[in-house]
Every structure is written in structure tokens, then in C-alpha cells.
Number of protein chains: 2
Amino acid sequence: MNLTEIPLTQEAIYKGRIITLRVDKARLPNGSEATREVVEHPGGVCVAALTDDDCLLFVRQFRYPYGEVLLELPAGKLDRGEDPLEAGKRELAEETGASATDYESLGKLYPSPGYCGEIIHLYMARNLSFGAMHPDEDEFLEVEKIPLEEAVRMVVDNQIPDAKTQAAVLKVWAKLSQA
Amino acid sequence: MNLTEIPLTQEAIYKGRIITLRVDKARLPNGSEATREVVEHPGGVCVAALTDDDCLLFVRQFRYPYGEVLLELPAGKLDRGEDPLEAGKRELAEETGASATDYESLGKLYPSPGYCGEIIHLYMARNLSFGAMHPDEDEFLEVEKIPLEEAVRMVVDNQIPDAKTQAAVLKVWAKLSQA
């Protein structure tokens, strides 16, 4: 079965600081036309940093679209042309003060593929050392250390709604359980 | 530490078929002002439907923002005012033809909380029966049955980038492992 949609036209709607919105017309597999709303994003990175005593580093941060303080793994968006792993090292250092000598990919995450083109790169970081945190000027956050087993329980018990955090915590747990 | 940001002004940018874009000014904890880009979405639902022989029902679907066919759990957006569980039953039936007598919440997912307000409600469905699928007019998809253990391996091996699918598959596995 052919599932492919062919782009026909693009209309730029908005170009912002973080996201860009465009609205396309596309040809569907049955030959008809449909509108496709597409949010473009430069891409993101998320780091599950595991301490020597099997704790993960979290940040608490106000998330404006929900009006809530969320518990998330350290994360951020890629600078233009930035390598995802380098971005992960930068965000981990900025948000928590930690750096790691051992990084392992946990794959990619497509947060909401119906209308959004963002790719979030996930990493596990181990063998940590600690310096001073230095968040962005408009970034206010608190760092928290949570045992991995407790973090898994919190994800399963629905206390951590953030998608990248759910995926990365459970992937770290799955990888270490299999190892 | 006060992390809260206070909304000051809202500017409507775009109102589309699926998403709405607005740009706000907000007061930060340090008193300065910042711009906040917010994608609004009516909310979504995703169902991990487990067969009696421990397989999950998946759909393959072209996702326009990535230009790729993705393997995902059955999912869709809420109709206006629709109860999330009812939406889950509707989407499962539309996309796979399956209905279930046993539903359990797997919690909420915030796909990209920096700029997006979408909430995806996750469910596990069991005790399935099968009828005819009847997807939306502009929806083209293929149904596939994959053993749970294989699906977990595919998520951990980064063959399934979709966020809601990663989270729901690993949560089903975590719940059934603990049970």
C-alpha cells in the first residue's frame, strides 16, 4: 500500500525565536489534496545523567504552555548547526553543572509527528563530575537528584508527564536491566 | 525559589485545522519580560492494545512533517469536548477495527513542553475483539501486530522514534513486569 503524501505548496505563517509555522498543501495517496500544518523546530537534546550511586539528575522548571512546574531531565534546543551530543554536554553543564566522560545514545524522539518536525536526541551520561551551573539568562530552574528506581516508579505512576523524560528514564532502566 | 512566569499579553497568530499558534509576553521570576511562543492543540489519545497472545497493535502511517512512514500505536486527536477514554476507544476502532472491554490509564504525556500545550492521554486496552477498520477519509494506514517483547526491543534499539509509542510500550512492559 502506498502511504506517501507529496508536498505541493508551502505557505510561511510565522518565524519565531524557537519555532516556525508553515501550512502546506499535499497530494494524498488517493489523489486528493489536504492541508498539512507543520511546526518546525531546530531540534532538541535530553540527557539522562546517572551518578555513581545510581541517581538521575533532574531539573524543575516552569513550563509556560501548561502553567506548571515540571520535573524533567536536563534538556534544551540545538544551536544552529550544533552537533546533538555537543548540545547535550552543553545543556547538562548549563543546567546542572555536571559533565560526563561516558555518553551513550538512547536514540531519537519525535514528540508529536502529526504536525511537528522536532527531533529530540536522547543520551545517557555516566562518570560525572560537578562544577557550577550556569543557566540561560531567561531560564530559572532547580536541580534535583532522584534514585533511578524511584524515577522509574514516578514515570509509571504518572507523576512525570514530560515525554522525553518518560522515554529516557524507561530506556535507561531497560538498558541497565538487560545488561 | 519562585519559578513562576506570569502571562502579560497574548497575540493570536494562526488558527488552523489542528493547531493554534499564539505569542505571549510573560513576566519572568526576575521581573524581566520574555516572549513565549505557544502551540495549542485540542489534546490527543494513544492506545496500547494488547492481544490475548501478548502482541500490541501498531499502525504504519506517513507523517508529513518528517516525510517518513512511522510505526506507532493507534492514536488521534480529541474531538471538541470529547472524553479522552471515549476518544481512545473511537481511534482504536477506526484505525484497527479492534474494541476492548478492559481499559487502564497509562497517564498523560506532554510532548514538547517548552512551546506546546498538547496533552496526550495514554491507555492500555485488553480483552480485544475485532471488527472492520474505518479510518478517516484523509488517513491511510496499515495495521501490524507485534509481540510486546519485540516492541520493547524495537523501542530500546531506536527503531520507533514516536514519543507516545515509546512511552506507552515501555509503560505496558514496566506494569506487566511488576505485576
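Excluding B:PHE62 itself, what net charge comes from residues whose Cβ is under 9 Å from its Cβ, given Lys and Arg +1 and Asp and Glu -1?
With Lys, Arg at +1 and Asp, Glu at -1, the net is 0.
Could you work out the mean count of beta carbons from other protein chains within 10 Å of each residue's beta carbon in A:157-163?
Mean shielding count: 6.
At A:LYS175, label 7 Å along Cα→Cβ: distances to the other copies, nm, ascending?
Nearest to farthest, the other copies are at 2.6 nm.
To one decimal in nm, how far is A:GLY16 from the same spot in the other copies, if labels go 7 Å from Cα toward Cβ? Please give the shortest first.
Spacings between copies for this position, smallest first, are 1.2 nm.
Please report the net charge: other residues with Cβ closer than 13 Å to the Cβ of B:ALA34, K and R +1, D and E -1.
Neighbour charge sum, excluding B:ALA34 itself: -4.
Report the relative contact order of chain A, percent, no decimals, based on alpha-carbon pairs under 8 angstrom and at least 6 residues apart.
It comes to 22 percent, rounded to a whole number.
When the Karplus curve 6.51 cos²θ - 1.76 cosθ + 1.60 is applied with θ = phi - 60°, which whole-Hz ³J(HN,Hα) does each residue of the range B:137-142 get, with x for Gly and Pro?
For the range B:137-142, the Karplus curve yields 4, 9, 10, 10, 8, 10 Hz.
Roughly how many debye, to the nearest 20, is the charge dipole of chain A about its Cα centre, given +1 on each Lys and Arg Cβ, -1 on each Asp and Glu Cβ, and no other charges?
In total the dipole reaches around 640 debye.
Whole-Hz Karplus ³J(HN,Hα) for the range B:30-42, in order, using 6.51 cos²θ - 1.76 cosθ + 1.60 and θ = phi - 60°, x for Gly and Pro?
Those phi angles translate into 8, x, 7, 9, 9, 8, 10, 8, 10, 8, 9, 8, x Hz.
Net charge near A:SER177, counting Lys/Arg +1 and Asp/Glu -1 over other residues with Cβ under 12 Å of its Cβ?
In short, +1.
Rounded if a/c is under 1.5, else prolate if a/b beats b/c, else oblate: with a ≥ b ≥ c from the C-alpha gyration tensor eigenvalues square-rooted, which is the protein assembly as shown?
Oblate.
Mind computing the radius of gyration and Dmax over the alpha-carbon atoms of the range B:31-179? Å is fine for both.
Both quantities, over Cα of the range B:31-179: 15.8, 58 Å.
Let me check the size of the range A:37-85 from its C-alpha atoms; what are the radius of gyration and Dmax in Å?
Here Rg and the maximum Cα pair distance are 13.7, 45 Å.
Pick out, from A:THR20, A:TYR64, A:ILE146, the residue whose Cα sits farthest towards the positive end of the charge dipole of the protein assembly as shown, with +1 on the Cβ of Lys and Arg and -1 on the Cβ of Asp and Glu.
Positive-most Cα among the choices belongs to A:THR20.
With +1 on the Cβ of every Lys and Arg and -1 on the Cβ of every Asp and Glu, and nothing else charged, how large is the dipole of the protein assembly as shown about its Cα centre, in debye rounded to the nearest 20?
It comes to approximately 340 debye.
Report, in deg cm²/dmol and to the nearest 500, the calculated mean residue ellipticity at 222 nm for chain A, where each DSSP H run with n ≥ 4 adds -39500 (n - 2.57) and the sum is divided by the residue count.
The per-residue figure over chain A is -6500 deg cm²/dmol.
Using +1 on the beta carbon of Lys and Arg, -1 on that of Asp and Glu, and nothing else charged, what's the dipole of the range B:42-114 about the Cα centre, debye to 20?
Dipole of the range B:42-114, to the nearest 20 debye: 420 debye.
Here are some pairs, A:LYS77/A:LYS145; B:LYS15/B:LYS89; A:LYS25/B:LYS145; which of them have Cα atoms lying more than 30 Å apart in this structure?
A:LYS25/B:LYS145
Restricting to Cα pairs below 8 Å that are 6+ residues apart, what does the relative contact order work out to for the range B:106-179? Please round to a whole percent.
RCO, the range B:106-179: 31 percent.
Can you compute 3J(HN,Hα) from phi for each residue in the range B:112-128, using the Karplus curve 6.51 cos²θ - 1.76 cosθ + 1.60 with θ = phi - 60°, rounded to whole Hz and x for Gly and Pro?
Listing the rounded values in order: 8, x, x, 9, 10, x, 5, 10, 9, 8, 9, 9, 9, 10, 9, 6, 8 Hz.
Quick test of the membrane-span-like rule: which DSSP H helices of chain A reach at least 18 Å along their long axis (C-alpha atoms) with mean Kyte hydropathy at least 0.0?
Helix filter hits for chain A: A:163-178.
Going by amide H atoms built from the backbone, whose H comes under 5 Å of the H on B:CYS116, apart from near neighbours?
B:VAL39
At B:GLU144, label 7 Å along Cα→Cβ: distances to the other copies, nm, ascending?
Shortest to longest, the spacings are 3.8 nm.
Along the charge dipole of the range A:27-135, Cβ charges K/R +1 and D/E -1, which of A:CYS46, A:LEU106, A:ALA34 sits furthest on the positive end?
A:ALA34
Under a 5 Å amide H to amide H cut-off, with H placed in plane at 1.01 Å, what residues pair with A:VAL69 once short-range neighbours are removed?
A:ARG63
Which longest run of chain A has no exposed loop site in it, a site being trypsin sites (Lys or Arg not before Pro) in a DSSP loop with at most 13 other beta carbons within 10 Å, and the site itself not part of the run?
A:81-179
Only the coordinates and a few stated rules stand behind these numbers; no lab work does. Everything numeric in this text was worked out from a predicted model, so none of it was measured. Glycine gets a Cβ as well: all are built from the backbone with ideal geometry, and neighbour counts include every protein chain shown.
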